[in-house]
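Before any comments, here is the structure.
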Amino acid sequence: MDTNRSGVVVRRGRPAGPRTIGLVCAVAAAGALLSGCGNSGNDTGSPQKSGAPSGAVPATAPASPTGSLSADQAQRKALVPKAKVDYGQALKAAIAAVPSSEAIAAELKGTPTSPYWDTAVATTDGAAYAVRVDAVSGKAEQPRPQSDDPEDKQQLAARLTKATVTAQQAAQTATEKTKGTVTTIELGDADHGNNNDTVAWTVGVVTTDDWYETTYEIDATNRKVLWMNIDQD
């Protein structure tokens, strides 16, 4: 781990495991919501909220030698091009399936023959729903309600209130720094410093020249990059 000239913490190697719930599991009481994703430059989905852009952060990883892709790189190379629906379109479909909801997460999953987006949306009272969206047709399945625990809902409602940056704005910030395809995005508590009150988006961007994944944590109030990780495995 080191710090670049912009003061952003740079991590290399495989990212840490999920800090929060899975999209198809019950919302964990103390966790942040896991994974969202999409393609660069897409600005569809939930209504935009305010947020000032942050400065550029170099995030170029050395290219893989031809023919030496890791298992993770090979998996991304096989799956990502098969998704005809990007993260923004998937989140838009999920929001349409749950009235008065906001996007909180999405992740590209499945196989090259059956790719899908595992998305999550929530209403302002903290009620969360998982929605599977076909990554080829864009069709959303029936929303699946998540945890009914009052504490879970209260924590999520507070997180939504604090977040003034949308998933689309966070993804745009990430792809302005690393050109590629957004495959994961999540809204949760920041994993940076000792300030547990900071709400942040975690965005994963896959570069199609080397199939690496660069993950950014972006402050959900001002679009400042808190840290980045380049997965070179």
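Every read-out reported here was derived from the displayed coordinates using simple, explicitly stated rules and does not represent laboratory data. Source: prediction; values computed, not measured. As a convention, Cβ positions derive from the backbone with ideal geometry for all residues, glycine included, and neighbour counts pool all protein chains shown.
Net length available on complete extension from Lys139 to Ala96 is 14.4 nm, with 0.36 nm assigned per residue and the Cα-Cα distance removed. Identify all aspartates and glutamates with a Cα-Cα distance to Lys153 below 16 Å; exclude those on the same chain that are fewer than 8 residues away in sequence. Partners within reach: Glu102, Asp125, Asp189. Cross-link partners of Lys84 among aspartates and glutamates, defined as those whose alpha carbon lies under 12 angstrom from its own and excluding same-chain residues fewer than eight positions apart: Asp134. Once the convex hull of all Cα atoms in the stretch 84-130 is built, its volume per residue stands at 62 Å³.
Over the Cα atoms of the stretch 127-182, the radius of gyration divided by the Kirkwood radius equals 1.08; this is the Rg/Rh ratio. Applying the Karplus relation 6.51 cos²θ - 1.76 cosθ + 1.60 with θ = phi - 60° to the stretch 73-87 yields 3J(HN,Hα) values of 4, 5, 5, 5, 4, 6, 8, 4, x, 7, 7, 7, 9, 8, 4 Hz, where x marks Gly and Pro. Using the Cβ-Cβ distance between Glu151 and Thr113 with R0 set to 45 Å, the FRET efficiency from 1/(1 + (r/R0)^6) comes to roughly 0.65.
For the stretch 109-157, a Kirkwood hydrodynamic radius built from all Cα pairs, placed in the Stokes-Einstein relation at 4 °C and 1.567 mPa s, yields a translational diffusion coefficient of 110 µm²/s. Over the stretch 96-216, Cα pairs under 8 Å with separation of 6+ residues give a relative contact order of 19 percent. Our estimate of slack between Thr208 and Ala74, defined as 0.36 nm per intervening residue step minus the Cα-Cα distance, is 47.1 nm.
Note on the stretch 102-233: Rg/Rh from Cα positions, Kirkwood definition for Rh, rounded to two decimals, is 0.98.
With a threshold of 22 Å on the Cα-Cα distance, the over-threshold entries among Lys82/Lys177; Lys109/Lys162; Lys82/Lys109; Lys92/Lys177; Lys177/Lys224 are Lys82/Lys177; Lys109/Lys162; Lys92/Lys177.
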